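Asks: Quick one: structure below, then a few questions.
Just so it is clear, none of the values below were taken in a lab; they were calculated from the coordinates. Quick caveat: nothing in here was measured; it's all calculated off a predicted structure. With ideal geometry, Cβ positions are generated from the backbone for all residues, glycine too; neighbour counts draw on all protein chains shown.
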Amino acid sequence: MIDTTRALHTLLLVLDLFGTFVFALSGALVAVRRGLDLFGVLVLSFAASSAGGITRDLLIGATPPAAIEDWRYLGVSMLAGLLTFFRYADIERMRNPMQLSDAAGLALFAVAGAQKALAYDLPPGMAALLGMLTGIGGGMLRDVLVSDIPAVLRAELYAMAALAGAGVVVVGDMLHMPPTATTLTGAGLCFGLRFMAIRYGWRLPVARPPDADRHS
Amino acid sequence: MIDTTRALHTLLLVLDLFGTFVFALSGALVAVRRGLDLFGVLVLSFAASSAGGITRDLLIGATPPAAIEDWRYLGVSMLAGLLTFFRYADIERMRNPMQLSDAAGLALFAVAGAQKALAYDLPPGMAALLGMLTGIGGGMLRDVLVSDIPAVLRAELYAMAALAGAGVVVVGDMLHMPPTATTLTGAGLCFGLRFMAIRYGWRLPVARPPDADRHS
Amino acid sequence: MIDTTRALHTLLLVLDLFGTFVFALSGALVAVRRGLDLFGVLVLSFAASSAGGITRDLLIGATPPAAIEDWRYLGVSMLAGLLTFFRYADIERMRNPMQLSDAAGLALFAVAGAQKALAYDLPPGMAALLGMLTGIGGGMLRDVLVSDIPAVLRAELYAMAALAGAGVVVVGDMLHMPPTATTLTGAGLCFGLRFMAIRYGWRLPVARPPDADRHS
């Protein structure tokens, strides 16, 4: 598929499962806060961790999607869901490490998603966007399922960090640079941007219509 | 595809259309209650009856999905939608038989969904989950479309009944048991569990965060 | 794929991009009204303009979908999003030309969607419905993403106009009529119906349950 060493491949799998775990935690936390039952918590765990990758795989025609074919993604998501269900207070208290882990998960998903899209011969711009989608899609479905407007559509710099990281991978591929280097650079850029956005409250501008009813 | 006699195949089609009909009724009832127009009622009928199977087919790469390629599913959904639109009060009054029919539809969809996933060589655990998804996916989209949190994420034992039924089919397949027997057993188990859940109010536990604002 | 002259093909692409642009405007306007940030505005622009076609392509197995493979759809959507973000008041003021453009976009998407479904050998009834879905799917996702019930499920004659236009294309195909003629007739019928619906407030009937709580 793509020219990476076997060691990098294994490392990427481990990182991918780590990203799956932290994203699943974010889904489970939302589910518990909304008073869903155990099944609802597990569904939101899986949705938050895997909907981005599944959507990417459907769009590029890679069926069945990796998160459906490989039980480890589901297993890791369930683990995160159960942990949150039975230890909500403990997980909730770790807000700061959670935010950093989430930024790391975003970085991993964005670069891995862009690589997979490139491997399926998507054009560069779309590969970058599919990398971003891999990072943000799970959180979007999580929010839609509890009837919220997806946080990523109005939160701090989140999707843009993912897009920047995925973009590095894509540009590196166009310039035939070694994938290991561009993957690390892309992930580092995404993580760094997201970290700064959390730390300094960076956000994208919001258009405020002069007089319109914003909630109609 | 799968080793069933032709008679069983025909029986399964009839049962599948029956399940489609009762699920479509559930979608139409929600649509009428929310004041949607005739088109909205028909859309929710089709979504509630077919979104689970369509999502399963997309995930396993079986395109076009059966509910898109075979007009009978659409036809039966439309029939249920029109009936509900013009005879809402009559349908609404049959709450008890409706609940039993819905449980039967859930059982049928769960075992049929698991069988189809097995026929497409999905791993056993995932086949069971796709069977469950076939049963609950339609109701989830129905609720998302009217901006509700899907009932299955916080209602009585519903998804778990579907998962149990689908699981029987999958385990039977692993043990090379005759599909007719495992299909009937799985459907019976799902229906029985769902019936008991309705009758005795069985539910999954809900995690209640100690102090968090549950609606933010 | 389908028997059209090359000139018609080019014309259809231009029209398709026009439809993409006006649908993207509708998504961007909703996003600005809801106070989404710049990224949210761009996401809703793309969702409103392309989700219908993407869903159609996933359902017929045409992956990657055209709107993912061809950067021009994304480019045109982004353009509409940026324009709305920076010139909201100007766009908002053009309500009347916008409604007409939207009707034109609907007509174009409906006939083009039906043609593509026919080219992928979908049965006629489903090809007509997929044409309709191409026209209304984007608006539905747009509304779901901001946690609204899709307007098309309870608004004036909108989906029915799309279905009528798509139906003309499908019936023409069954009768082996020249596609140019049926395309123009179908698009004209859809646009005309939609125009009349706006002008005279034509709507589908709404079933009002005698006593039920319509908002529970």
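Asks: Please give me the summed charge of the neighbours of B:Leu122: other residues whose Cβ is under 10 Å from its Cβ, Lys and Arg +1, Asp and Glu -1.
Replies: In short, 0.
Asks: Next question. How far is A:Ala119 from the same spot in each other copy, in nm, shortest first, if each label point sits 7 Å from Cα toward Cβ?
Replies: Ordered by increasing distance: 3.0, 3.0 nm.
Asks: Per DSSP helix of 4 or more residues, -39500 (n - 2.57); summed, then divided by the residues of chain B. What does that give at 222 nm, rounded to the nearest 500?
Replies: On the way: 9 runs with 162 residues, N = 216.
Helices in chain B give a 222 nm mean residue ellipticity of -25500 deg cm²/dmol.
Asks: In the neighborhood of A:Gly53, defined by Cβ-to-Cβ distances under 15 Å, what is the net charge if each Lys or Arg adds +1 and each Asp or Glu adds -1? Walk me through the numbers on the way to the answer.
Replies: On the way: positive: A:Arg56, A:Arg72, A:Lys116, A:Arg142; negative: A:Asp16, A:Asp57, A:Glu69, A:Asp70.
Its environment carries a net charge of 0.
Asks: Further question on the same structure: Give the long-range amide H neighbours of B:Asp37: residues separated by 5 or more places, or on another chain, with amide H under 5 Å away, using H modelled in the peptide plane at 1.01 Å from N.
Replies: Those lying under 5 Å, H to H, from B:Asp37 are C:Arg154.
Asks: Filter the trypsin sites (Lys or Arg not before Pro) in region C:14-99 to those in DSSP coil with at most 12 other Cβ atoms within 10 Å of their Cβ, and list the result.
Replies: Working: sites: C:Arg33, C:Arg34, C:Arg56, C:Arg72, C:Arg87, C:Arg93, C:Arg95; in loops: C:Arg34, C:Arg87.
Filter output for region C:14-99: C:Arg87.
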